[in-house]
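Read through the structure below, which is laid out as structure tokens, and then see the notes.
The values are calculated or read from the model by the stated rules, or taken from the named source; none is laboratory data. Predicted model only: the values in this text are computed from it and were never measured. Here the Cβ positions follow ideal geometry from the backbone for every residue, glycine too, while neighbour counts run over all protein chains shown. Surface accessibility is based on the protein's heavy atoms, side chains included, excluding ligands, DNA and RNA. Shrake-Rupley method; radii C 1.70, N 1.55, O 1.52, S 1.80 Å.
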Amino acid sequence: MRDYQKYATIVAVFATVLYAALLVAAFGLISLATNLDVIADRSAGPLVGPTMTAVAVVLVLIMLITLGVATPPDKQRVVVGFAVATGIAAYGLFIATGAILVAAGNGDPFGALLFAGGMLASPFALTVALLAFIVALIYSILLASHYGENGRPLWPWERRGE
């Protein structure tokens with residue numbers, strides 16, 4: 001693995017951790033402000049919401065690593081289309097994961113369709129998409145800026161002899 005690929009992977013991991021933290025905080029604030037539950041369907045079970053969120057976070061990690069590792073530093077640009085695609089993919093996978101889990105838990109495919117339909121305009125699902133877009137866009141900006149290309153920062157006494 002080359003140095004730029006290591007750098008891109010490490011930054012992708014930190015960006016994904018930031019994404020997960022922002023999701024938890026946003027879900028809490030939205031729930032507090034609107035008095036809504038993330039998963040309104042009580043029959044869905046307690047693990048549906050965290051699993052949906054975890055799948056979206058893993059998707060964002062895979063997308064960021066793919067962008068960072070596959071693109072050489074001289075070809076890295078700010079890719080808004082990639083960020084939009086990441087947001088849409090996270091939104092779709094968030095809802096699809098919930099629908100699959102509800103269908104598997106209840107054994108009712110119609111209930112899964114109702115669950116997915118209810119989640120389409122949910123502020124929580126929209127937050128998943130928006131935050132995925134923002135994190136992917138900032139990640140691509142950071143990679144395109146070639147920050148960290150010159151190595152680690154040096155203290156003044158380390159620069160003697162330059």
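Taking all protein chains in place and a 1.4 Å probe, what share, in percent, of the accessible surface of the range 52-118 do carbon and sulfur account for?
77
Counting only heavy atoms of the protein chains, get the accessible area per residue of the range 1-146 (1.4 Å probe) and round it to a whole Å² value.
That works out to 52 Å² for each residue.
When you have a sec, figure out the Kirkwood radius of the range 72-162 from all distinct Cα pair distances and drop it here in Å to one decimal?
Hydrodynamic radius (Kirkwood, Cα pairs) of the range 72-162 is 16.1 Å.
How about the range 70-162: which chymotrypsin sites (Phe, Trp or Tyr not before Pro) there lie in a loop by DSSP and see at most 13 other Cβ atoms within 10 Å?
Qualifying residues, ordered by number: Tyr147.
For a quick size check, give me the Cα extents of the chain along its three principal axes, largest first, whole Å.
Rounded to whole Å, the extents work out to 71, 30, 23 Å.
Take each uninterrupted DSSP H stretch in the chain, measure its Cα extent along the helix axis, and return the ones at 18 Å or beyond whose mean Kyte-Doolittle hydropathy is at least -0.5.
3-34, 48-70, 80-106, 123-144
For Cα pairs less than 8 Å apart in space and 6+ apart in sequence, what is the mean separation divided by the residue count of the chain, i.e. the relative contact order in percent? Please list the in-between numbers first.
On the way: 158 pairs, mean separation 51.6, N = 162.
Relative contact order here is 32 percent.
Would you calculate the separation in nanometres between label points at Ile88 and Asp3, each defined as 7 Å from the Cα along the Cα-to-beta-carbon direction?
3.7
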